[in-house]
Each structure stands twice: as structure tokens, then as C-alpha cells.
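Participant: Dropping a structure here in C-alpha cells format, bear with me for questions.
Bear in mind these aren't lab numbers, they're just calculated from the coordinates by the rules spelled out. Treat the numbers as computed from the prediction; the structure is a model and nothing was measured. Every residue, glycine as well, gets a Cβ built from its backbone with ideal geometry; the counts of neighbours run over all protein chains shown.
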Amino acid sequence: MVVVMQEGADETQVGKVIAYLVDLGMDVHRSTGASRVVLGVVGSRSVDTRLVELLDGVHEVLRITEPYKLASRTFRKEDTIITVGDLKIGGDEVIVMAGPCSAENEAQVQQTAAACKRAGAKVLRGGAFKPRSSPYSFQGLGEEGLRLLRDAANDHDMKLVTEVMDISQIEVITRYADIYQVGARNMQNFTLLRELGRTRKPVLLKRGISATIEEWLLSAEYILAGGNTDVILCERGIRTFESFTRNTLDISAIPVVKQLSHLPIFVDPSHGTGRRDKVASMARAAVAAGADGLIIEVHCDPDHAMSDGAQSMFPAQFDRLMAELRIIAPAIGRSICLEPAARRGWAR
């Protein structure tokens with residue numbers, strides 16, 4: 001349930017309500033709206049809402065009918081804006097994360113990061129631990145890959161997002177990354193999600209290949225219930241009977257999630273299509289549909305990439321896409337990185 005405090009309710013009143021609910025065995029999550037304090041209350045016990053409404057400073061008590069409580073719009077009406085240093089995720093600016101599928105060597109990471117930064121990406125994406133379908137495929141460089149990615153992010157004034165596959169990797173990834181990524185295969189790895197809920201860095205949660213939107217939001221709930229309120233949802237395509245593309249990118253998930261949840265939503269058109277010639281079209285559609293950001297695979301030499309080369313854009317393609325997005329975003333009241341051409345300038 002949600003407890004909405006009166007306008008002007010003081011800290012003493014809020015504290016007494018929280019203490020009352022905690023004594024009943026409930027977990028209480030505080031959110032401050034535009035003018036009121038809102039308390040999200042979750043737990044297995046049944047609580048008489050009438051008794052809560054009688055507490056000093058309480059305006060109203062609402063039952064949350066959705067199974068995902070903290071991720072729902074009922075708990076928080078305003079969009080969640082996640083702050084990562086000077087970066088704001090979920091606000092008016094469409095944030096672009098870009099980089100290679102995997103860190104392969106220093107030259108590859110540095111060249112790709114430089115190209116992504118010149119084009120306007122704010123976050124470097126790249127894998128050091130790779131969940132591959134085949135045990136014989138390239139599995140990533142591990143901590144050495146993290147070091148290469150962190151150095152490149154620092155050199156080009158970017159944040160870093162990288163995938164965490166297992167609880168045992170959290171500690172080492174925490175030392176290097178600004179944002180954890182949970183891949184589609186781990187969307188329902190609830191043990192991992194619970195542990196990430198205890199961290200205080202943002203988590204980019206990708207939708208599972210066969211997951212419904214409700215299942216996806218319930219996975220986010222595991223992280224939120226642990227106390228980590230900085231969750232970014234990422235639509236990356238679902239499995240359908242279509243075989244022309246790697247997955248079927250569900251653009252309709254963007255407005256649906258926007259209606260159901262306050263969490264920011266990103267789109268991954270690279271995994272969503274599996275073909276670099278389709279990435280730009282889906283990226284443009286995602287921004288037009290209201291996505292808060294994109295995560296795109298870019299490689300300085302994708303034809304020789306050690307993983308996912310077919311869906312990785314050439315730097316020139318990515319640069320052109322960013323120019324197109326700068327036209328689309330203002331049409332729907334958004335902005336995107338406005339790096340001047342002179343600062344981005346490089347030979348195509």
C-alpha cells in the first residue's frame with residue numbers, strides 16, 4: 001500500500017508513521033514527491049488501512065493493486081530521475097550509451113570510446129564478462145577488460161556500464177563501473193537481483209527474451225525492495241516466431257511501461273535486431289516513442305569483432321544516427337547531446 005502524508009507534514013509525524021508500520025513487520029520505502037512525502041509499504045502481513053489513516057499527518061492510504069509495488073505509478077507519480085555524477089537519466093535529455101560488445105584490447109576500446117564520445121554518447125558500454133550461448137565462444141577478458149573500459153571512460157569523460165552475471169562479480173565490477181547491467185538471461189536471477197538491491201549504484205535491467213512486461217517489472221521490484229531505487233529498464237527484444245531478425249524489438253513496451261511505472265526505460269536496438277543495417281531505424285523509432293535512452297553496440301572494426309560484430313555499427317554509422325536523433329528528439333520535447341560538429345569533427 002501507499003501512505004500519502006499531508007502537505008507540510010513534519011519529520012516527527014513521518015517518523016511516527018514509519019515506526020508504526022515497521023512495528024507491524026512491514027518494510028517502508030520513502031519517496032518525496034512535489035509537495036508530499038509518500039511511503040511505500042510492502043510486506044506479507046495484512047494491515048488495516050483505516051488505522052493508518054487515523055495517524056497524525058496522514059492524508060490518505062491507497063492500496064496498490066499491481067503485484068509490483070515500488071515500481072508502480074501508484075507509489076510514485078513523478079518520473080524517477082537517476083543521477084550518475086553530472087548525468088541525469090530519465091529527464092528531458094535522451095541519454096545514449098554506446099561501445100563495443102566486448103573489450104578485446106586497448107586499441108580497440110580506446111578507438112571505439114573516442115568515436116562514441118565524438119558522436120555524442122555520454123556512457124561507454126562494454127563487456128568484460130560475456131554470457132555466450134556457446135562455451136567455446138569468447139568469454140571476455142575479465143578484470144583486465146574492466147580496467148581497459150574504465151581507462152577509456154576516464155580518458156574520454158564518459159560513465160561506464162558493464163554487465164554483471166553473478167554475485168561473485170559484483171565486488172570487482174563495483175571498483176570499475178558506474179552502472180551495473182543485468183542481461184536478459186539473468187532478468188529472473190532473483191538471488192543476483194536481491195544482492196544488487198543492496199548496492200547503491202544504478203542497475204540497467206534488460207527484459208528477458210520471453211518475459212512479459214509484468215514479469216519484467218517484478219524483477220525490477222526485487223532490486224527496489226532491497227533499497228536500491230536507481231533502476232533503469234531496458235527493452236532489448238523478445239523471442240517470437242519471426243526469424244529474419246535476432247529478436248523482435250517491442251517498441252510498444254515503451255509507452256506501456258511509461259504508463260505503468262515511474263522508472264526510466266532504455267532501448268537496445270542492437271540486440272533487438274541483431275543486424276547493424278536495422279539498428280538506426282529502430283533507434284529512431286525508440287526515441288520517437290518516448291524512450292529515455294539508447295544502448296547501442298559500436299565497434300571500430302566490427303567485421304573483425306570477437307563478439308556480435310554483425311549488430312555493431314561502424315563509427316560513421318553511429319555518428320550519422322546521432323545527427324538524426326538530434327532532429328527527432330526536439331520534436332517530442334526532448335533533447336540529446338548537442339556536441340558541436342567542430343568538436344566532434346572527424347573524417348568519415
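Participant: Alpha carbon centre of the stretch 255-302 versus the stretch 2-63: separation in Å?
Facilitator: One Cα centre to the other: 37 Å.
Participant: Give me the net charge for the shell around residue 41: Cβ to Cβ below 11 angstrom, other residues only, Lys and Arg +1, Asp and Glu -1.
Facilitator: Working: positive: 30, 45, 63, 69; negative: 27.
Once positives and negatives cancel, what remains is +3.
Participant: Please label the shape of the stretch 82-344 as rounded, prolate or oblate, based on the square roots a ≥ b ≥ c of the eigenvalues of the alpha-carbon gyration tensor (a/c under 1.5 means rounded; beyond that, a/b larger than b/c means prolate, else oblate).
Facilitator: Working: a/c = 1.23, a/b = 1.06, b/c = 1.16.
Here the stretch 82-344 falls in the rounded category.
Participant: I'd like the FRET efficiency for residue 275 and residue 62, computed as 1/(1 + (r/R0)^6) with the beta carbon distance as r and R0 of 35 Å, rounded to 0.05.
Facilitator: 0.20
Participant: How many angstrom lie between the C-alpha centres of the stretch 178-213 and the stretch 112-150?
Facilitator: Taking the Cα centre of the stretch 112-150 as reference, the centre of the stretch 178-213 is 18 Å away.
Participant: Sticking with this structure for a sec: Want the number for residue 323 to residue 175: 0.36 nm per residue separation, take away the alpha-carbon distance, what's left? It would help to have the intermediate numbers written out before the result.
Facilitator: On the way: separation 148, 0.36 × 148 = 53.28 nm, distance 3.37 nm.
Using 0.36 nm per residue and subtracting the Cα-Cα distance, I get 49.9 nm.
Participant: Lysines near residue 117 by alpha-carbon distance under 20 Å, same-chain residues fewer than 8 away left out - which ones?
Facilitator: Result set, ordered by chain and number: 88, 159.
Participant: Going down the list 77/278; 77/122; 69/206; 206/258, which pairs span over 24 Å between their C-alpha atoms? Don't jump to the answer; show the numbers that get you there.
Facilitator: Details: 77/278 35 Å; 77/122 27 Å; 69/206 19 Å; 206/258 16 Å.
Checking Cα-Cα distances, 77/278; 77/122 exceed 24 Å.
Participant: Count the DSSP beta bridges whose two residues both fall in the stretch 82-344, then state the antiparallel fraction as a percent rounded to the nearest 5.
Facilitator: Here the antiparallel bridges make up roughly 10 percent for the stretch 82-344.
Participant: Could you give the length gained on full extension between residue 303 and residue 48, defined as 0.36 nm per residue of separation minus the Cα-Cα distance, in nm?
Facilitator: Numbers: separation 255, 0.36 × 255 = 91.80 nm, distance 6.23 nm.
My answer for the length gained is 85.6 nm.
Participant: A further question on this structure: Where is the GNM fluctuation largest for the chain (alpha-carbon springs, 10 angstrom cutoff): 202, 255, 264?
Facilitator: With Cα springs under 10 Å in the chain, the top fluctuation among 202, 255, 264 is at 255.
Participant: Once the other residues with Cβ under 13 Å from the Cβ of residue 239 are scored (Lys, Arg +1; Asp, Glu -1), what is the net sum?
Facilitator: Numbers: positive: 185, 207, 236, 246; negative: 242, 250.
Spelling it out: positives minus negatives among the neighbours equals +2.
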